[in-house]
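K.L.:
I have a structure here, written as structure tokens, and I will follow up with some questions on it.
The values are calculated or read from the model by the stated rules, or taken from the named source; none is laboratory data. All of these numbers come straight from a predicted model, not from anything done at the bench. Here the Cβ is made from the backbone with ideal geometry for all residues, glycine too, and neighbour counts use every protein chain on show. Heads up: the accessible areas ignore ligands, DNA and RNA and are worked out on the full protein's heavy atoms, side chains in. Shrake-Rupley method; radii C 1.70, N 1.55, O 1.52, S 1.80 Å.
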Amino acid sequence: MGEKKPTLPVSRTESAKVSRRRFVGGGAVAAAAASIPLQPLLGGKESQAEAAVVPYNSHMRATASMTYRMSMARNEHIDVGTQPDNGDSQQFTDFSGNYSKALLHDALGVPNKASYQSMLNALRSGQFADFENMIIGTPGGGPNSKENGPQGGLALDLEGFDSHAVVIPPAPSVASAQTAAEAVEHYWGALLRDVPFIEYSSNSRVAQAAADMNKLSFLQSAANNLVPFPVTPQNLFRGQFVPSDGNAQGPYISQFMVQPTFLGVQPLSQQYQTFLPGVSNEFITSVSEFQLIQNGGSSGKNVAFDASFRYVRDGRDLSAYTHVDVLYQAYLIATLVLSSINAPPNPGNPYIGSRTEKPFGTLGGPDAVGTLTAVATCALKAAWFHKWMKDLRPRPEEYGGLVQANLTKSVPAPQAAAALHPDVLNSAVLPLINSMYGSYLLPQAFPEGSPTHPCYPTGHGSVGGACITVIKFFFDGSHKIRPLLAAAGRDVFEPRSDGSVLNTYTGADRDSLDINGELNKLAYNISFGHGIHSGIHFRSSSYWSILLGEQVALSILQDRAMSYNEPFSITVTKFDGTKATISNV
């Protein structure tokens, strides 16, 4: 950090009476605090002693606190310069290569110029009044007729990196082979939503999807570090940070989404309300409905729910989970699961081996779960900066509109439709989609399609990357998970094909699964549940959002390290397998 830890002294001999004014400082703060009636809280003058039970130097403490805050502010005074976009906004002057959902549209895939300019004007000025004057497509049309939180990317934070100092590369161009490959993956994901993960190895359409994806030029290229290659039924729709990482091992669903646990005394079975299978729960497959939704309108359709609660066993279940989850929900539950199976703390925790004390509000359970929520909000602000201010990447459903416009020669033609990479147009998946739905649009798992904010990076992924980094800070991620489960009377589980019960996983790799691998898998389960399986986020949006969240969490943890009284050096394994150490010594 380049700064010594501020000294927070406690004098054992200090007995001078501390006045209220001296306690809170001077100026406006003191004036405001002076209005607070302290005497009733303390029991009146007759109950007040001349000093605290344990004497301390309040003035030195206040100075140390201010020094700490100023030191952290200096450390986070970072200007990375203007981060570049992918150039699509300059190449496609009709705005068809960028996000435009909920704005007014003139035709299939063609935003209205005045409407789009009104959004750009608000983003450039940052003025609340300009955001209120954006021209949207369906005024008063319900929640999805409004742009979702565009000012979030302009907010500031008091911990960690500023949102504008978190760096990820530009989003892939709408015309790139990479985006074409990611779109093909989405189309296959829509067709395979109802195939249980446990049946992937024997399903003929899964095999067809893997074979088709292996023909994609991006997957075959040296630039591909996102998709496991070659694609097989075992690794289809699985994440990857580095080849052969924990994402490709064991059951598709992380143990942290299936192992039962407790929230206090409240049982959490990890069974969920899911969507019913079938084409009746597929949405936005006609051009008229697509244009209505892109203008922020509502089709009036509702998703049909299963009457029985299920363990997550397929893509549609993951879609249902991420449709309404609290963004840090899965990671809070993961923390509860780890606690319930007595997962050991991170080896750098200074309380290990102590015979006199144990952690609680610092480096203990309350610290862990409280920090999850803190990093989640900061990660969202960083994601919203890239979404709205830098990239404005279109949603997969918008890309599907460009595919439809290209293959049906719609007029007026969006400029970006003519620039699509041929890999998507020549994929074996499009004739299957067209024969089933009568269009080349990307079927959506939700009636409203995507939320009304740009695609890159993802909110779910950024929160996942941040929260999992926090969990690694508190727990020993290198520990194998099966022995911990066995000691708790459990085993490695995977849901049965109907999601009604959990089966014991018997794969040969069950003993190699560790906490870090299952946490990394959880990040992708959630982000792909809100991405590939539901149809609303490209793979690279998930990948970079998870790494963005990790950046945010590491900066916050390092800032906070200097606030702890306990000396420690805690090392976490990052998503790419490298190490990061958080230390205050």
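K.L.:
Any idea which of A211, A183 is under 23 Å from the mean Cα position of the chain (by Cα) and either outside any loop (DSSP other than H, G, I, E, B) or more than 30 Å from Q415 (Cβ to Cβ) (or both)?
P.N.:
A183
K.L.:
Check every one of the helices (runs of 4 or more DSSP H) wholly within the range 9-118 and list those with 2 or more residues that are open to solvent by 50 Å² or more (accessible area, probe 1.4 Å) and at pLDDT 50 or above.
P.N.:
So the answer is 58-75, 88-91.
K.L.:
Continuing with this model, one more query. Among the residues of the range 180-206, write down those that are over 13 Å from I532 (Cα atoms), of a type outside the set (A, V, I, L, M) and open to solvent by less than 20 Å² (accessible area, probe 1.4 Å).
P.N.:
P196, Y200
K.L.:
Among the residues that make up the range 559-573, is at least one of them in contact with a strand residue (DSSP E or B) (Cβ under 9 Å, 6 or more places away or on another chain), closer than 28 Å to E282 by Cα and modelled with pLDDT of 95 or more?
P.N.:
Looking for residues that are in contact with a strand residue (DSSP E or B) (Cβ under 9 Å, 6 or more places away or on another chain), closer than 28 Å to E282 by Cα and modelled with pLDDT of 95 or more, one finds none in the range 559-573, hence no.
K.L.:
Looking only at the range 119-145, count how many residues are under 14 Å from W388 (Cβ atoms) and either in a strand (DSSP E or B) or in contact (Cβ under 8 Å) with a residue 40 or more places away in the chain (or both).
P.N.:
1
K.L.:
Now for a separate question. Before we move on, is S439 hydroxyl-bearing (S, T, Y) and over 20 Å from the mean Cα position of the chain (by Cα)?
P.N.:
Details: hydroxyl-bearing (S, T, Y): yes; over 20 Å from the mean Cα position of the chain (by Cα): yes.
Criteria met by S439.
K.L.:
Take residues that are more than 16 Å from the chain's Cα centre (by Cα) and not polar (S, T, N, Q) and tell me which of the strands (runs of 3 or more DSSP E) falling wholly in the range 482-585 contain 2 or more.
P.N.:
493-495, 569-573, 579-583
Listed here are the residues, each with its yes/no results for (1) closer than 30 Å to P251 by Cα; (2) touching a Phe, Trp or Tyr at 6+ places or on another chain (Cβ under 9 Å); (3) crowded, with 18+ Cβ neighbours inside 10 Å.
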residue: N434; (1), (2), (3): no, yes, no
residue: P483; (1), (2), (3): yes, no, no
residue: A487; (1), (2), (3): yes, no, no
residue: F493; (1), (2), (3): yes, yes, yes
residue: G499; (1), (2), (3): yes, yes, yes
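K.L.:
Does the range 282-290 contain any residue that is in contact with an Asp or Glu (Cβ under 7 Å, 6 or more places away or on another chain) and buried (at least 20 other Cβ atoms within 10 Å of the Cβ)?
P.N.:
Yes, there is a match, as at least one residue in the range 282-290 is in contact with an Asp or Glu (Cβ under 7 Å, 6 or more places away or on another chain) and buried (at least 20 other Cβ atoms within 10 Å of the Cβ).
K.L.:
Okay, moving on. I need the full set of residues from the range 309-353 which are among the small types (G, A, S), open to solvent by 50 Å² or more (accessible area, probe 1.4 Å) and out of contact with any strand residue (DSSP E or B) (no Cβ under 9 Å at 6 or more places or on another chain), in order please.
P.N.:
The answer is G353, and nothing else.
K.L.:
A further question on this structure: Identify, from the list H460, H479, the residue that is under 30 Å from G149 (Cα atoms), in contact (Cβ under 8 Å) with a residue 60 or more places away in the chain and open to solvent by 10 Å² or more (accessible area, probe 1.4 Å).
P.N.:
From the options H460, H479, the qualifying one is H460.
Conditions tested, residue by residue: (1) open to solvent by 20 Å² or more (accessible area, probe 1.4 Å); (2) small (G, A, S).
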| site | (1), (2) |
| --- | --- |
| P359 | yes, no |
| G364 | no, yes |
| T373 | yes, no |
| L380 | yes, no |
| P394 | no, no |
| A418 | yes, yes |
